[in-house]
């Protein structure tokens with residue numbers, strides 16, 4: 001008997017926009033006095049930084065006559081000025097001036113919650129319009145050189161990207177690692193922590209043990225901090241996957257390395273770390289790029305036929321369900337789960 005299995009399109013099987021924090025710009029892209037237009041969850045968002053350095057994110061249309069603030073607005077002092085009739089808005093969103101000197105109407109801009117962490121501007125998005133339910137802590141440690149930055153547009157879903165953290169099978173099958181297993185996996189509210197040990201190829205040295213701890217804060221932010229013990233090589237990475245429209249997202253990343261052995265004088269440590277980041281970093285980034293064709297063309301199966309060595313896909317998906325307002329999942333504060341895994 002022949003059996004036909006039809007995959008389910010990812011964009012149809014999962015709500016396209018999970019609640020959470022999402023990276024919308026590198027901090028360096030938004031200078032004092034600058035205005036940026038970004039896509040977020042099927043809508044435009046306008047970012048601006050005041051002359052004193054305050055960062056704001058607002059809905060795009062001027063409440064006066066609907067001009068798009070992302071096309072031609074300017075920052076004058078601490079105010080955002082509309083390009084159409086030069087209505088000015090203070091940092092709290094209040095309209096404080098009009099272009100013709102008339103008293104300003106009692107109106108204002110709608111703000112989105114915003115924060116800056118490790119050189120990334122993040123905006124909170126919630127399907128029900130609620131306030132942030134968790135914070136994202138800094139993830140990039142001191143003592144590393146300036147990271148390399150990467151930006152890509154993908155036709156992917158953020159849940160699939162974070163799922164790679166616990167998908168042990170893909171480390172060997174896709175990336176060619178010699179082995180991969182999770183030593184410990186923790187879910188705590190909106191955060192996930194996975195302690196992973198692998199053996200990765202480092203030509204011409206062969207396969208070396210590579211241990212890393214991956215963390216996720218919702219489905220829009222994840223990071224990794226790892227070490228190759230035999231080389232004294234440490235690596236840290238910050239990944240942000242931001243849906244722009246259904247089935248489409250922007251992927252931003254920061255990656256930095258340093259060498260801790262043999263111990264070097266401070267005079268040499270910084271150049272060595274800078275060199276490691278620029279030389280070894282791209283080879284490690286190549287691992288991430290290998291996932292792009294999979295993410296770009298992947299379907300979502302609600303009941304995947306899992307096999308030994310896949311990793312804790314099912315616990316991960318139970319945790320991820322809380323970020324979809326439509327799913328009526330348990331609130332983040334109620335999700336407490338610890339899974340200890342030994343996977344080959």
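The values are calculated or read from the model by the stated rules, or taken from the named source; none is laboratory data. Quantities reported herein were computed from a predicted structural model and do not represent experimental measurements. So basically every Cβ, Gly included, is an ideal-geometry build from the backbone, and we count neighbours across all protein chains shown.
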Quiz item: When you look at residue 128, is it surrounded by fewer than 16 Cβ atoms within 10 Å (Cβ to Cβ) and in contact with a helix residue (DSSP H, G or I) (Cβ under 8 Å, 6 or more places away or on another chain), yes or no?
Solution: yes
Quiz item: Just checking, how many residues over region 312-336 are modelled with pLDDT of 95 or more and in a loop (DSSP other than H, G, I, E, B)?
Solution: 2
Quiz item: With (1) over 30 Å from residue 307 (Cβ atoms); (2) surrounded by 15 or more Cβ atoms within 10 Å (Cβ to Cβ); (3) at pLDDT 95 or above; (4) more than 17 Å from the chain's Cα centre (by Cα) as the list, and residue 121 as the residue in question, which single condition is left unmet?
Solution: (4)
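Anything in region 309-322 that is in contact (Cβ under 8 Å) with a residue 24 or more places away in the chain and either surrounded by fewer than 17 Cβ atoms within 10 Å (Cβ to Cβ) or in contact with a helix residue (DSSP H, G or I) (Cβ under 8 Å, 6 or more places away or on another chain) (or both)? List them, or say none.
Result: 309, 310, 311, 313, 316, 317, 320, 322.
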Exercise. Kindly indicate whether residue 57 is exposed (fewer than 14 other Cβ atoms within 10 Å of the Cβ) and either at negative phi or out of contact with any strand residue (DSSP E or B) (no Cβ under 9 Å at 6 or more places or on another chain) (or both).
Key: no
Quiz item: What are the residues in region 133-146 that are surrounded by 16 or more Cβ atoms within 10 Å (Cβ to Cβ) and out of contact with any helix residue (DSSP H, G or I) (no Cβ under 7 Å at 6 or more places or on another chain), if any?
Solution: 136, 139, 140
Practice problem: Scan region 199-236 for residues that are touching a residue at least 60 places away in the same chain (Cβ under 8 Å) and within 21 Å of residue 159 (Cβ to Cβ) and report the count. | Solution: 8
Practice problem: Return the total of residues in region 1-42 being within 21 Å of the chain's Cα centre (by Cα) and either surrounded by 13 or more Cβ atoms within 10 Å (Cβ to Cβ) or at pLDDT below 90 (or both). | Solution: 24
Quiz item: Which numbered condition trips up residue 189, out of (1) exposed (fewer than 15 other Cβ atoms within 10 Å of the Cβ); (2) at positive phi; (3) assigned by TED's automatic domain parsing to the domain that holds residue 242?
Solution: (1)
Quiz prompt | strands (runs of 3 or more DSSP E) within region 46-89 that include 1 or more residues more than 23 Å from residue 125 (Cα to Cα) | solution = 74-76, 79-81
Quiz item: Which number in (1) closer than 25 Å to residue 118 by Cβ; (2) buried (at least 20 other Cβ atoms within 10 Å of the Cβ) marks the one condition that residue 180 misses?
Solution: (1)
Quiz item: Do any residues in region 38-67 that are free of Cβ contacts under 8 Å to residues at least 24 places away in the same chain have Cβ atoms under 6 Å from those of residues that are part of a loop (DSSP other than H, G, I, E, B) and surrounded by fewer than 19 Cβ atoms within 10 Å (Cβ to Cβ), where the two are at least six apart or on different chains, and which pairs are they?
Solution: 53/32; 67/84
Quiz prompt | Residue within region 262-276 that is buried (at least 19 other Cβ atoms within 10 Å of the Cβ) and touching a residue at least 12 places away in the same chain (Cβ under 8 Å) present | solution = yes
Quiz prompt | Options 129, 119: the member that is free of Cβ contacts under 8 Å to residues at least 40 places away in the same chain and either over 30 Å from residue 299 (Cβ atoms) or outside the structural domain of residue 275 (by TED's automatic domain parsing) (or both) | solution = 129
